[in-house]
Amino acid sequence: MPLRLYDTWTRAVREFTPLKPGEVGLYTCGPTVYNFAHIGNLRTYLFEDGLVRVLKMNGYAVRHVMNITDVGHLVSDADDGEDKMEAGSRRTGQSAWTIAALYTDAFRADLRALNINEPDVWCRATDHIDEQIAFIEAIERKGYTYRTRDGIYFDTSRQPDYGYLGRLDVAGLQAGARVDLGDKRNATDYALWKFSAPEEKRQMEWDSPWGRGFPGWHIECSAMAHKYLGEYFDIHCGGEDHITVHHSNEISQTEAAYGTRLANFWLHGYFMLLNTAKMSKSSGEFLRVQSLIDRRYDPLAFRYLCLTAHYRSQLMFSWDALDAAQTALERLRHGVHALAGGGEVDAEYARRFLDRVNDDLNFPQALAVMWEVLKSALAPAVKKATLLRFDEVLGLGLATWSPKVEAVPDAVRALADARWTARNAKQWAEADRLRGELAALGWSMKDGKDDYTLSRN
Ligand code: AMP
Ligand code: ZN
């Protein structure tokens, strides 16, 4: 089955054909580095990593670009409120530049822990101020901009199809917002460039043809996608929250400047929910990869959990679900590890697996094929080769996993030897007493014919 993907623009599953044969240009909206990424954010990056791996399994060369938002993302989507970076700086007592570097590094560590491959191009908004200014000038030349007291805005009323991606009811939004529009002409207008307030000394600000200030959040993605992937490329991704504002605005800017809708396919990952509330970095309390590690979970159990749900349905996080994922992952790891190597991939199962992932990234069903192979009557070496091929897409690190052999402390070894001697001498009470001592240290002992084995309780 050829690769088919759900495109939010057409609201339909469409067959994927690249614009240039054999190559795929992909842009994924990256993190706003004012805090750690929470596991909800990471669900979206896992979905995107799965997409890249499936594209590669289909033989495409992928050019993957991801931005780092380190300026201009305001606390409110309505273009007011504080810059999240300046707020993060106040929260931590460190400069906006310092926290941007800190949280970028932390984000990359999260990606490593989850086996998410890095993009081919990382691009930071603050490294592309000139490109953003040039992009705004291109929009200005086409006559889509106006100036207010606090910035340069995009006049969305000039675009009859503005908001098509989100199927926005622009007239309804306008009617609802009439009272709190501020200086904006239309409810859906958005900032391209914001002026630094006269009384404020911002940490991040630049000169521009319009005055000192900083770029709006949406322009960075249009400008950097344009620079690294061109005026029209294959796939653009993000979380579902981007459909109605951020991506609608990215499209509107590129349509004004270059007459394209930026990307051929628009894919969106649905949210991970925690206690039914949307997980949010700005709410202050959230779970991150380190929170899982602190509770002794393997981060890849979280990856497994995400694979059990389709990316287009919301996923409710729970510790029970993570427990189940960790157990399944452990069984899978042991199962694969026990198989002998050196076999060939089974073509029929490989085809079935590819069909599942090519059906709009149906990872839950692909996982089912994987379990079927593990339980099948295939020769062990063939099984192993087939499962490792699947794991190139699943990313569970099966090829490199091996059971941890824990060193047995000397004191534990001495107790076990003493018990073994007592048992062989039929001193049952003493043997039981020593077994109790071992248990108190967290070890249990299994007697064999000629020897014993020790394991952790
Ligand atoms: P941000 O760092 O806030 O710009 O968000 C980074 C990415 O995470 C974006 O693609 C968001 O759409 C996505 N995202 C935010 N919250 C969630 C969530 N609870 N579940 C899944 N993805 C999310
Ligand atoms: Zn973006």
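Some observations on this one:
- Which of 249, 157, 265, positive extreme of dipole for the chain (C-beta unit charges): 265
- Cross-link table 56/383; 142/201; 142/194; 426/449; 56/404; 20/227, entries beyond 25 Å C-alpha to C-alpha: 142/201; 56/404
- In the chain, helical runs assigned H by DSSP with n ≥ 4 each contribute -39500 (n - 2.57); averaged across all residues and rounded to the nearest 500, the mean residue ellipticity at 222 nm is -13500 deg cm²/dmol.
- Loop-resident sites, the range 294-403, for GluC sites (Glu not before Pro), counting at most 12 other Cβ within 10 Å (DSSP): 344
- Across the options 361, 340, 382, the greatest Cα extent toward the positive end of the charge dipole of the range 283-394 (unit charges at beta carbon of Lys, Arg, Asp, Glu) belongs to 340.
- Straight-distance candidates among the aspartates and glutamates for linking to residue 384, with alpha-carbon spacing under 17 Å and chain neighbours fewer than 8 residues away dropped: 330, 344, 346, 348, 372, 392.
- Integer Hz, Karplus 6.51/-1.76/1.60 couplings in order for the range 120-127, x for Gly and Pro: 6, 10, 9, 9, 9, 4, 5, 8
- Our coupling estimate for the range 73-83, obtained by passing each phi through the Karplus curve with A = 6.51, B = -1.76, C = 1.60 and θ = phi - 60°, is 8, 7, 4, 10, 5, 8, 6, 9, x, 6, 5 Hz, Gly and Pro reported as x.
- Value of D in µm² per second that Stokes-Einstein yields for the range 283-394, Kirkwood Rh from Cα pairs, at 4 °C (1.567 mPa s): 86
- Amide N proximity, the range 364-392 versus residue 316 label position 7 Å along Cα-to-Cβ, cut-off under 12 Å: none
- Pairwise FRET efficiency - residue 58 versus residue 411, Cβ, R0 = 60 Å, nearest 0.05: 0.60
- Residues whose amide H falls under 5 Å from that of residue 234, counting only those 5 or more places apart or on a different chain, are 25, 264, with hydrogens built in the peptide plane.
- Cα-centre dipole for the chain with unit charges at Cβ (Lys and Arg positive, Asp and Glu negative), debye to 20: 1220
- Amide H contacts for residue 3 (H built 1.01 Å from N in the peptide plane; partners 5 or more residues away or on another chain; cut-off under 5 Å): 16.
- Pairwise inverse Cα distances across the chain, averaged and inverted, put the Kirkwood hydrodynamic radius at 25.0 Å.
- Under 5 Å between amide hydrogens, built in the peptide plane, is the criterion, and for residue 73 it picks out 84, 85 among residues at least 5 positions away or on other chains.
- Antiparallel bridge percentage (DSSP; both residues within the chain; nearest 5): 50
- What the Kirkwood sum gives for the range 4-269 is a hydrodynamic radius of 19.0 Å, with every pair of different alpha carbons counted.
- Among complete DSSP H helices in the chain, those whose alpha-carbon atoms stretch at least 24 Å along the helix's long axis and whose mean Kyte-Doolittle hydropathy reaches -0.5 are 39-57, 96-113, 319-337.
- Each Lys and Arg adds +1 at its Cβ and each Asp and Glu adds -1 at its Cβ; summed about the Cα centre, the range 201-312 shows a dipole of about 400 debye.
- Taken about its Cα centre, the range 410-456 carries a charge dipole of about 140 debye when Lys and Arg each add +1 at the Cβ and Asp and Glu each add -1 at the Cβ.
- Between the beta carbons of residue 371 and residue 196, assuming R0 = 56 Å, the FRET efficiency works out to 0.45 to the nearest 0.05.
- Packing rank of 20-28, 199-207, where each peptide gets the mean count of other beta carbons within 10 Å, highest leading: 20-28, 199-207
- Ranking 138, 116, 418 by Cα position along the charge dipole of the chain, where only Lys, Arg, Asp and Glu carry charges on their C-beta atoms, puts 418 farthest toward the positive end.
- DSSP beta bridge pairing in the range 4-269, given as percent antiparallel to the nearest 5: 45
Each reported figure results from applying straightforward, stated rules to the coordinates on display, with no laboratory input. Just so it is clear, the structure is predicted and the values come from calculations on it, not from any experiment. All Cβ positions, even for glycine, are placed from backbone atoms using ideal geometry, and neighbour counts span all protein chains on display.
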